[in-house]
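Reading through the structure tokens given below for one structure.
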Amino acid sequence: KGFGVGGAAIATAASEGLSGLIYLKLLMRRKLVQLSRIFKMPSWSSLKPLLQGGAAMLLFQLVLNVAFVTAARRVQAMDPTGVSAAAYGIVMQMYSVGVVCHVGMKASAAALVPSEKVSKGVDAARIMADKLFIWGSIVGIGLGTAQMIILPFITPMFTTIPEVREAIKFPALITSLIQFMNGPLFVGEGVMVGMGKFKALTSCIIIGASVMVASILSPFGKTLNGVMLSLAAFNCIQAVVMVWYHLKIGPFSKRGRAKSEKGQ
């Protein structure tokens, strides 16, 4: 039987705490953290950018959560049988598998791009960012294509109810197409995080989430297909904005580099 929901919460807290201690030990072993300075109050000049970045990322996550909670509530109230809600839950589980891969690309971009900038300069960082955009797009196409191919085989593993299986088909196809857009989207987010462009990142998510929520709350969002297309619109707008920002006004664009040189 286990310990129920409370036990799951305790286990999660314990695993997170243990992970934190392991990371702390590794950081101390590499001399990146000194135990004597952990509890020392930092200066305002060093604390200010962390607070600004943290606040921007908090707003980023808040907007994202509001958008997806709105989608979930809309689907759950869609029909009394619960078919749409069940189908939505299964589709999002399938979709999340690909998102995990994209999050890995995002983390890689957030680490590799600033590392290249510090060690080899702006030109090397730009080349790295361009490569990551290309590889992110390849990963997105691969994941989306793979999801399309295996959908007929994995759907029966999630449910035996014919109505739910039928309701899954088109929404799952939509999320497969969304994986194509997630490639440049997540890499773009990673580059922004690595370069400390938190305000720009938050502005992008607000634009995309506003379109998504407006679509869901409109008559367009009265069906499961409409809700999933609203999610597709969100990701499409985000991907376009990320690529446009990188090429036109980001720190590695001609405009961004000229602005940086003037500031120096």
Checklist entry - Of the numbered conditions (1) out of contact with any helix residue (DSSP H, G or I) (no Cβ under 6 Å at 6 or more places or on another chain); (2) at pLDDT below 95, Ile138 satisfies every one except a single condition; which is it? => result (2)
Next on the checklist: I'd like to verify a number: residues in the stretch 23-56 that are surrounded by 10 or more Cβ atoms within 10 Å (Cβ to Cβ) and part of a helix (DSSP H, G or I), how many?
Outcome noted: 16
Checklist outcome for this item: Of the residues in the stretch 152-172 that are surrounded by fewer than 17 Cβ atoms within 10 Å (Cβ to Cβ) and within 26 Å of the chain's Cα centre (by Cα), the one that is farthest from Ala233 (Cα to Cα) is Ile154
Item to check | Search result, residues across the stretch 59-90 that are of a type in the set (Phe, Trp, Tyr) and either open to solvent by 40 Å² or more (accessible area, probe 1.4 Å) or outside any helix (DSSP H, G or I) (or both) | outcome: Phe68
Item to check | Count of the stretch 207-240 residues which are open to solvent by 60 Å² or more (accessible area, probe 1.4 Å) and not in a helix (DSSP H, G or I) | outcome: 1
Item to check | Selection status of Val187, open to solvent by 30 Å² or more (accessible area, probe 1.4 Å), within 23 Å of Val63 (Cβ to Cβ) and modelled with pLDDT of 90 or more | outcome: no
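The values are calculated or read from the model by the stated rules, or taken from the named source; none is laboratory data. Note that the structure is a prediction, hence the values are computed from the model and not measured. In this analysis, Cβ positions are derived from the backbone assuming ideal geometry, glycine residues included, and neighbour counts consider all displayed protein chains. Accessible surface is based on the protein model in full, side chains and every heavy atom, while ligands, DNA and RNA are left aside. Shrake-Rupley method; radii C 1.70, N 1.55, O 1.52, S 1.80 Å.
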